[in-house]
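Single-structure report; data block below.
We did not get these values from a lab; they are worked out from the coordinates using the rules stated. Keep in mind that what you see is a predicted model, and the values were worked out from it rather than measured. Positions of Cβ are generated from backbone atoms using ideal geometry, with glycine treated the same way; all protein chains shown enter the neighbour counts.
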Amino acid sequence: MAISAIFLSAVFFLIYGNGVLPIEATHHVYRNLQTLSSHSSDNQPYRTAYHFQPPKNWINDPNAPMRYKGLYHLFYQYNPKGAVWGNIVWAHSVSKDLVNWTPLDHAIYPSQQSDINGCWSGSATTLPGGKPAILYTGIDPNNHQVQNLAIPKNFSDPLLREWVKSPKNPLMAPTQANQINSSSFRDPTTAWKGKDGYWRVLIGSKVHRRGTAILYKSKNFVNWVQADHPLHSAEGTGMWECPDFYPVLNKFPLTTGLDTSVNGDHVRHVLKVSLDDTKHDHYLIGTYDSEKDIFTPDSGFENSKPILRHDYGKYYASKTIFEDGQNRRVLFGWVNESSSVADDIKKGWSGIHTIPRTIWLHKSGKQLVHWPVAEIESLRVNPVHWHSKVVNGGETLQVTGVTAAQADVEIAFEVNGFGKAEVLEHWEDPQILCGRKGANVKGGLGPFGLLVFASRGLQEYTAVFFRIFRYQNKNLVLMCSDQSRSSLNNDNDKTTYGTFVDVDPLREKLSLRTLIDHSVVESFEGEGRACITARVYPTIAINDKARLYAFNNGTASVKITKLSAWSMKKAKIN
Ligand code: DQQ
C-alpha cells in the first residue's frame with residue numbers, strides 16, 4: 001500500500017512536474033514514463049472482452065488494415081515499453097473474422113536512417129497482382145517527418161510476417177524547395193490510381209493554421225512527385241492527421257463498398273481528416289474531379305454548419321479499407337483514454353480500437369452510416385427480448401438476464417405527445433446541450449434511453465439517451481452519452497458527448513444499439529446515423545455488479561417497441 005502510494009506520487013510528480021513535454025505535433029510526450037514497464041494482470045475489471053487491445057502498454061492509431069490471402073491484418077501504433085505514447089513501432093495482429101486476433105512479431109520498427117526516430121502511421125495499397133505495399137511516416141535523424149515504403153519479404157506468406165523497406169527511402173521528404181513543414185508532414189493514405197495510370201496519395205499537413213492534404217503522384221510507387229496543388233485545405237483547422245480519401249456508392253445498394261480508385265457519376269467521395277487541435281475525426285462529402293485532382297465538398301470547413309464526424313465521443317485517427325470479397329468498406333478507429341495517465345500506468349495499458357464498422361452513404365446523400373461488422377454478432381448468446389413496454393415518466397426498468405458489463409443491446413422507442421417537447425429557442429452546440437441537460441435533468445419528451453454500467457443504487461451509471469426538442473417548428477432529436485456519473489473516481493475525463501441525429505420521430509422509431517464492454521460504451525443511433533463512443537471506469541458497477549436499465553426521465557411516456565439484449569462471449573484477442 002505504502003509502496004504503491006510512493007510510486008503513484010512519483011508518477012504524479014513526473015506528470016505534473018517537469019515530466020510533461022507537450023510537442024507541437026500529435027501526442028503528449030511523457031519522456032520519463034515512456035519506458036516505465038508495467039505489471040498489468042489479466043484479472044482487471046476494465047480490460048475489454050471483445051474490443052481490440054494488446055495485452056499491455058500503449059496503443060494508438062490503426063495502421064494499414066488489409067485482407068490478404070483470406071486473413072485480415074491489422075497493424076497499430078504501439079509502445080512496447082510502456083503505457084504512455086513513445087518508442088512507437090508497428091505491432092501486428094491477424095484475424096480470420098475481424099473478431100478474434102492473433103498477435104505476430106512487430107512488423108515495422110526503426111531500422112533505417114529514414115525511420116530511426118519512429119515509425120508513425122500509414123496505409124496499405126494493393127498493387128497489381130494483388131501485392132500489398134505500405135507507405136508510412138518515418139522520423140529521421142533530424143526529427144523530420146518523411147514518407148517510406150515497405151513491402152512483404154515473402155508474398156507467399158499469408159501472415160506477412162516480414163517487411164522489407166525500400167533502399168530508396170525516404171520517397172517523400174520536406175525540402176527547401178517544396179517548403180513543407182518538416183514537423184507537419186505525415187500519415188500517407190491508401191493510394192488510388194487515376195485514368196492516367198498514376199498513383200495518387202495524400203499526406204496530412206498544415207501551412208500555418210491551414211490544414212492541408214498534400215497530393216503526391218507516382219507511376220511506379222517509388223518515385224513520387226508533389227502535385228502543384230493540394231487535394232484540399234481549409235484555413236483555421238490546424239494540422240490534418242491521418243487523412244482518408246475514398247469513394248462511396250451513390251445508388252442502390254448503397255451498402256456496397258467501392259475500390260479506392262473508382263470514380264464516376266454514381267460515386268461521391270469522402271475526405272476524412274483527424275484534427276490534431278480537437279482530436280476528432282471529421283469528414284466531408286463531395287465530388288472528386290480525378291482529371292484536375294480537385295475535391296469539392298458539398299459543405300466544407302469554412303461553412304458555419306457543424307462538420308460531420310465519424311463519432312461524437314472518444315474516437316480518433318481512423319482508417320478505412322475496401323474489402324473486395326465482401327464488397328464493403330470497413331472503418332477502424334482508435335478510442336483514446338478517459339483515464340488519467342497515473343491510472344493508465346497502474347492498469348498497465350492505454351487505448352483500444354472500436355469494433356470495425358461497415359460504412360456507406362446514407363440515402364439522403366448527406367452523411368455516412370456506420371454499423372458494427374456483422375461478424376461481431378457471432379459473440380451474442382442468451383438473448384433477452386422485450387416486446388412492447390411502456391416506460392412512464394420517472395420510471396426505470398431493469399433489463400435482467402444479460403451480463404450487463406459485456407453485452408450488445410438494441411432498443412427502439414416510439415414517441416407521441418410531441419406537445420410536451422421542450423422548446424429550444426436558439427441553436428446550441430449539441431455537446432454543450434447534453435452537458436447542460438444530462439440524464440438526471442427532467443424534460444418533456446425525454447430524456448429516455450439506457451443506463452449502462454449502473455450500480456444497484458444508481459450511484460454510478462453512464463446514460464445513453466434521446467431528448468426531443470421543438471426547434472423552428474420541427475422536432476429536433478438530441479442524442480447524448482452522459483458520463484458525468486459514470487464513476488466515483490474523479491480522475492477520469494467525464495465529459496458528456498452529444499449530437500443531433502437526422503431522424504424524424506413522427507415517421508421513424510428512435511433506435512439505439514449499444515455495445516458494452518467493461519470500460520467502453522459504443523452507441524449507434526438512428527440505425528447508424530450517429531455514433532458516440534465513451535470510455536468509462538466505474539468503481540462499483542464492474543463485472544457482475546453492473547446493471548442495465550431502460551429509463552425515462554421526461555413527463556411524456558414512451559413505448560419500447562422492441563428490446564433485444566445479448567450477453568457477449570469473450571473473443572480471443574492477442
Ligand atoms: N499518431 C501517429 C501519427 C499521427 C498521430 C504517431 C495521430 O502518425 O499523426 O503515433 O494519432
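Please find the FRET efficiency linking Gln176 to Phe252, where r is the Cβ-Cβ separation and R0 is fixed at 51 Å, and quote it to the nearest 0.05. The partial results should precede the final answer.
Values: r = 51 Å, r/R0 = 1.01.
After rounding, the FRET efficiency stands at 0.50.
Rounded to the nearest 5, what is the percent of antiparallel bridges among the DSSP beta bridges in the chain? Kindly include the intermediate steps, with their values, before the conclusion.
Values: 157 of 163 bridges.
Of the beta bridges lying entirely in the chain, close to 95 percent run antiparallel.
Restricting things to alpha carbons, tell me how big region 59-372 is in terms of Rg and Dmax, in Å.
Cα-based Rg and Dmax for region 59-372 come out at 18.3, 54 Å.
Just round it to a whole percent: the fraction of Cα-Cα distances in region 162-253 exceeding 23 Å.
The share of Cα pairs beyond 23 Å in region 162-253 comes to 29 percent.
Given a Förster radius of 56 Å and the C-beta distance between Asp157 and Glu425 as r, what FRET efficiency does 1/(1 + (r/R0)^6) yield to the nearest 0.05?
0.35
Over every pair of different alpha-carbon atoms in the chain, take the mean of 1/r and invert it; report that Kirkwood radius in Å.
After inverting the mean inverse Cα-Cα distance, the result is 24.4 Å.
Could you give the size of the charge dipole of the chain about its Cα centre, using +1 on the Cβ of each K and R and -1 on the Cβ of each D and E, expressed in debye and rounded to the nearest 20?
Dipole about the Cα centre, nearest 20: 720 debye.
Shape verdict for region 200-308, please, from the Cα gyration tensor: rounded (a/c under 1.5), prolate (a/b greater than b/c) or oblate.
Since a/c reaches 1.5 but b/c is at least a/b, the shape of region 200-308 is classed as oblate.
Above 21 Å lies some portion of the pair distances; for region 475-565, what is it as a whole percent of all C-alpha pairs?
Percent of Cα pairs beyond 21 Å in region 475-565: 38.
Using only the alpha carbons, work out the radius of gyration and Dmax of region 329-471 in angstrom.
For region 329-471, the Cα radius of gyration and maximum Cα-Cα distance read 18.3, 51 Å.
Express as a percent, rounded to the nearest 5, the fraction of DSSP beta bridges in region 380-568 (both residues included) that run antiparallel.
Bridges in region 380-568 that DSSP calls antiparallel: roughly 95 percent.
So, in Å, what gap is there between the alpha-carbon centers of region 216-237 and region 349-381?
So the two Cα centres are separated by 30 Å.
Efficiency by 1/(1 + (r/R0)^6): what FRET value for Thr539 and Lys131, r their Cβ-Cβ distance, R0 = 41 Å, to the nearest 0.05?
Result of the calculation: an efficiency of 0.25.
Measure nothing fancy, just the Cα-based angle from helix 2-16's long axis to the longest principal axis of the chain, in degrees from 0 to 90, nearest 10.
Roughly 60 degrees between the two axes.
Can you pull a Stokes-Einstein diffusion coefficient for region 99-225 at 4 °C (1.567 mPa s), Rh from Kirkwood over Cα pairs, as a whole number of µm²/s?
Diffusion coefficient, whole number: 85 µm²/s.
Distance check, please: which entries in Lys131/Lys279; Lys305/Lys559; Lys168/Lys217; Lys56/Lys131; Lys219/Lys292; Lys206/Lys279 exceed 25 angstrom between their Cα atoms?
Numbers: Lys131/Lys279 33 Å; Lys305/Lys559 33 Å; Lys168/Lys217 16 Å; Lys56/Lys131 32 Å; Lys219/Lys292 17 Å; Lys206/Lys279 15 Å.
Where the Cα-Cα span goes over 25 Å, the pairs concerned are Lys131/Lys279; Lys305/Lys559; Lys56/Lys131.
Arranged from highest to lowest average of other beta-carbon atoms within 10 Å per residue, in what order do the peptides 214-227, 534-547 appear?
534-547, 214-227
Exceeding 27 Å between C-alpha atoms, which entries from my cross-link table qualify? They are Lys346/Lys442; Lys319/Lys437; Lys251/Lys389; Lys319/Lys474; Lys69/Lys572.
Where the Cα-Cα span goes over 27 Å, the pairs concerned are Lys346/Lys442; Lys319/Lys437; Lys251/Lys389; Lys319/Lys474.
Using each residue's phi in region 425-430, evaluate 6.51 cos²θ - 1.76 cosθ + 1.60 at θ = phi - 60° and report the 3J(HN,Hα) Karplus result to the nearest Hz, with x for Gly and Pro.
Each residue of region 425-430 in turn: 6, 10, 4, 9, 4, x Hz.
Note the per residue figure in Å³ for the convex hull of the C-alpha positions in region 380-568.
Measuring per residue, one finds 97 Å³ for the Cα hull of region 380-568.
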